[in-house]
Amino acid sequence: MNTARFARRWRPPAHLPGPRSARTGRALLAAVAGLALASTALAVGATAAAPAAAASSNSSGSTLRIQAQTSFSTFNPFTAYFDGDLEVLNNIYPQLTAINETGQAVPYLATKWSISANDLTWTFTIKSGLKWSDGKPLTAADAAWTLNLIMHNSVAATANGALVADFKTVTAPNATTLVITTTQPEANMLYNLNTIPIVPEHIWASEVSKLSSFKNQATPVVGYGPWRLTGYAPNQYATLTANSGFFMGAPHFHTLIIQYFSNSDAMVAALRSGQLDAVEYNLTAPQFNSLKGVKGITVYPQVSSAWTAIELNPGAQTQSGKHFGNGNPALTDPTVRQAIEMALNKQELVSKVWDGLAVPGSGYLTPAYPEWEWTPPASESLAYNPAKANALLTAAGFKMGPDGIRIDPKTHQPLDLRLGIHSDEAADAAMAPYIVEWLKAIGIQVTIDSMSFNQLNTDLPEGDWDMLSDTWSTGPDPTFLLSIQTCGDLPTSLSQPGNTDSFFCNKTFDNLYNLQGTEFNTAQRVKTVDQMQQILYQNAVDVILYYPDFLSAVRTSDVKDYFYGKPNAQGFYPSPSEFINWRTATPVADASSSSSGATVWIVLAIVVVVVLAGAAIVLQRRRTSGERE
């Protein structure tokens with residue numbers, strides 16, 4: 001979610017437990033550098049805000065404090081797609097369906113549904129008697145209005161327009177009936193509807209004219225869900241208050257504070273000191289290892305539904321074909337992109353950056369869902385092979401210059417690329433030197449551009465980048481993650497960024513995307529999706545580096561029942577779901593407040609020490625591969 005513009009844009013993690021694919025070694029070593037690219041001042045500022053937010057807690061333990069996955073950008077559900085925003089939105093606005101602990105679509109606003117014999121008409125029964133937080137009735141009319149706005153307004157379609165592209169009509173014949181007709185069968189309808197928040201028409205109708213700039217950050221926000229958004233401090237924290245009347249079960253905590261940390265070591269220090277109660281799937285391997293055995297803290301390795309990739313800019317363009325941005329033109333050549341992929345030693349990244357707590361990447365969909373996992377055939381493999389990468393570039397006319405950097409035959413300029421990484425991601429800082437060295441070995445000069453989350457996401461739609469580190473996660477149905485690679489997700493204009501992942505557009509891919517959505521036969525749909533993954537792999541716009549494990553930790557001395565399920569044979573818990581976790585989390589009976597002034601100063605001291613130590617580690621890691629262990 002950003003760069004000049006690099007993104008760390010996660011959809012809500014999936015909820016499907018199950019065995020992990022083949023794993024490498026499981027021992028954890030404190031080998032990865034802590035992120036020290038943020039200044040000490042920034043780290044202290046981020047941590048100082050946490051006690052301020054936590055000050056609203058009381059001695060009964062009624063406040064749950066967790067870290068935000070990303071900084072906050074907007075609470076407008078029509079334009080939001082960064083995880084920090086989405087984890088709030090998914091709990092303050094309802095969806096028609098929910099995803100349960102086993103990854104199945106189950107009733108939420110819609111209590112039941114039926115589909116016509118020709119598979120083109122869906123009829124939903126909407127739960128009666130619900131009210132928005134301002135007391136106005138919540139009815140099928142709100143759902144119809146929300147979906148129609150996404151269908152017919154290009155700004156409202158920014159986040160989820162691809163999911164309603166085949167909707168023909170949406171009507172509400174009465175307060176408890178919603179009817180959706182489609183132009184073709186929608187096999188993934190129930191999963192798609194779980195992704196789309198329903199908003200109150202009486203609030204949002206007046207905001208449509210300024211939808212592109214409306215951030216919905218004035219509190220309290222009118223909504224319906226297990227929580228209400230009642231407070232917000234920009235780039236610091238969001239405060240949610242429990243909805244005691246939530247029909248699926250009220251949260252056990254009264255208040256939820258979601259705190260953003262620009263530095264992950266400050267986040268861990270806050271967890272240790274009691275200023276945070278939980279860190280969800282955001283720990284690095286050494287942080288995870290350091291928390292094992294700490295009194296009062298329990299660590300949870302979880303099945304990952306995410307990948308981290310290096311995105312390669314194939315040429316930014318609008319839907320009408322207008323090109324823009326300053327991406328290096330050499331990357332429009334798929335041969336160059338394929339050579340870059342073959343130059344990267346993904347297994348070494350898994351070993352050195354994640355200490356084995358990840359799986360080397362290849363297919364676009366993660367191995368957390370075996371039915372969608374795709375492995376490239378040997379004849380098409382772009383696996384690590386620097387000799388072949390060099391040969392490809394030479395054959396394409398990129399001759400090696402006297403300084404070891406290749407020359408672009410069209411521009412006659414050295415092949416020099418920018419690599420955008422997140423300054424608030426420790427794994428990015430650890431991974432970047434390897435990428436620089438491996439690409440230098442095939443004649444490509446790389447300049448690292450480290451930016452904050454917000455900086456990265458300001459520039460991404462402008463196309464002003466060559467390569468960027470990016471992370472996405474998905475749910476049990478792959479539709480959304482596939483949709484961000486379609487031509488329809490390109491920006492409609494220079495002022496409307498769209499939801500494209502990397503400006504990829506391929507008509508064959510689009511046709512297959514439309515086809516897979518109609519296939520109710522799972523086996524046939526898998527074949528179609530496999531073809532889509534093959535197209536993405538060969539075009540190499542998303543070089544999937546690895547699928548990192550979700551590494552979490554909870555202060556179980558203060559909070560119980562935060563995560564659900566039991567570990568599988570490999571010790572992995574099911575992937576987390578904030579919608580479930582935040583409701584089931586329960587204060588330990590004798591939990592006490594830890595927000596005293598003395599603790600604040602202790603935390604600040606810890607952060608200064610951690611950041612200075614992290615800086616030393618980063619300096620130590622800036623070595624050649626021959627010097628690395």
- Item | Filtered residues of region 243-279 (kept if among the aliphatic types (A, V, I, L, M) and within 25 Å of the chain's Cα centre (by Cα)) | L256, I257, I258, A266, M267, V268, A269, A270, L271, L276, A278, V279
- Can Q413 be described as open to solvent by 50 Å² or more (accessible area, probe 1.4 Å), within 21 Å of the chain's Cα centre (by Cα) and of a type outside the set (F, W, Y)? no
- Only one of these conditions is not met by V208: (1) over 20 Å from E578 (Cβ atoms); (2) modelled with pLDDT under 95. Which number is it? (2)
- Return the only residue of T181, T169 being at pLDDT 95 or above, β-branched (V, I, T), open to solvent by 50 Å² or more (accessible area, probe 1.4 Å) and closer than 30 Å to A523 by Cα. T169
- Task: Among the residues of region 347-376, write down those that are open to solvent by less than 10 Å² (accessible area, probe 1.4 Å), part of a helix (DSSP H, G or I) and either out of contact with any helix residue (DSSP H, G or I) (no Cβ under 8 Å at 6 or more places or on another chain) or farther than 26 Å from V446 by Cα (or both).
- Result: V350
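Okay, residues lined up against (1) within 19 Å of the chain's Cα centre (by Cα); (2) over 23 Å from R337 (Cα atoms):
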| site | (1), (2) |
| --- | --- |
| D449 | no, no |
| L481 | yes, no |
| K507 | no, no |
| E519 | no, yes |
| T522 | no, yes |
- Kindly provide the set of residues from region 502-526 that are outside any helix (DSSP H, G or I) and on the phi < 0 side of the Ramachandran plot, ordered by number. S502, F504, C505, N506, G517, T518, E519, F520, N521
- Item | Total residues in region 316-346, condition in a helix (DSSP H, G or I), surrounded by fewer than 18 Cβ atoms within 10 Å (Cβ to Cβ) and in contact (Cβ under 8 Å) with a residue 40 or more places away in the chain | 3
- Condition test on N385, is it surrounded by 17 or more Cβ atoms within 10 Å (Cβ to Cβ), touching a residue at least 40 places away in the same chain (Cβ under 8 Å) and of a type outside the set (D, E)? no
- Query: Can you tell me which residue in region 115-163 is nearest to the chain's Cα centre (by Cα), limited to those that are among the β-branched types (V, I, T) and at pLDDT below 95?
  - Reply: T158
- Message: Out of the residues in region 534-567 meeting the condition of being outside any strand (DSSP E or B) and within 28 Å of Y108 (Cα to Cα), tell me which one is least open to solvent (accessible area, probe 1.4 Å).
- Response: Y562
- Task: Return the residue satisfying two criteria in turn: it lies in region 502-525 and is among the hydrophobic types (A, V, I, L, M, F, W, C) and open to solvent by 30 Å² or more (accessible area, probe 1.4 Å), and of such residues it is nearest to E380 (Cα to Cα).
- Result: C505
- Subset of region 124-158 [within 28 Å of G245 (Cβ to Cβ) and in a loop (DSSP other than H, G, I, E, B)]: K127, S128, G129, L130, W132, S133, D134, G135, K136, L138, T139
- Just name the residue that is surrounded by the most Cβ atoms within 10 Å (Cβ to Cβ) out of those in region 63-97 that are polar (S, T, N, Q) and under 14 Å from the mean Cα position of the chain (by Cα). T70
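The values are calculated or read from the model by the stated rules, or taken from the named source; none is laboratory data. The structure presented is a predicted model; accordingly, all values stated were derived computationally and were not measured. Don't worry about glycine lacking a Cβ; one is built from the backbone with ideal geometry, like all the others, and counts go over all protein chains shown. For the accessible areas, the whole protein counts, side chains as well, though only heavy atoms, and no ligand, DNA or RNA atoms are used. Shrake-Rupley method; radii C 1.70, N 1.55, O 1.52, S 1.80 Å.
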